[in-house]
Amino acid sequence: MKIKHNINIKRDLHLFIFTQLNELRHWGITLSDVKILAELYNKDYDIVTQNKIENYKDRMTILFSKETKDKIISDLNMSYNTFNNSLTKLRKKGLLEKDNSLNEKLLFDLGKNTFSFIIEFQDEEKC
């Protein structure tokens, strides 16, 4: 089955995917948490493409700097406390690493225009 959904790849892809994954995998995080998670991944993409910084550790240092956090808080129009509480929740859920870095397994190449997702359902009798 193919489902077509028009989104702005560079702006909305992470938000769309993490919203769906939150529902499918029962992460138990709020929409506000999902927005922060998506924005962190978007900023990481910006750091790679605009600043040409490929080194993962260097990117994480920039991403979790005070300046970048302040920009995200401003962009999402939220309080500092709400933002930090969400970061704590995302770390507890394993969606952010304990050392304030992104889970590399959740990174997408936003340079592509087509993404495929395969969802396999197992027969309950075979489980």
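The condition of being open to solvent by less than 40 Å² (accessible area, probe 1.4 Å) and assigned to a loop (DSSP other than H, G, I, E, B) holds for only one of 29, 17, 72, 36, that being 29. The numbered conditions (1) at pLDDT 90 or above; (2) open to solvent by less than 80 Å² (accessible area, probe 1.4 Å) are all true for residue 85 except (2).
Of the residues 73, 119, which is at pLDDT 90 or above and not acidic (Asp, Glu)? Selected residue: 73, the only one of 73, 119 that is at pLDDT 90 or above and not acidic (Asp, Glu).
The residue of the stretch 20-57 that is farthest from residue 101 (Cα to Cα), among those that are of a type in the set (Phe, Trp, Tyr) and in contact (Cβ under 8 Å) with a residue 60 or more places away in the chain, is 27. Residues in the stretch 60-83 that are of a type in the set (A, V, I, L, M) and either touching a Gly at 6+ places or on another chain (Cβ under 7 Å) or within 17 Å of residue 46 (Cα to Cα) (or both): 60, 62, 63, 72, 73, 76.
The values are calculated or read from the model by the stated rules, or taken from the named source; none is laboratory data. All values derive from a computational prediction rather than experimental measurement. Heads up, the Cβs are rebuilt from the backbone with ideal geometry, glycines too, and the neighbour counts pull from every protein chain shown. All accessible areas refer to the heavy atoms of the entire protein, side chains included, with ligands and DNA or RNA removed. Shrake-Rupley method; radii C 1.70, N 1.55, O 1.52, S 1.80 Å.
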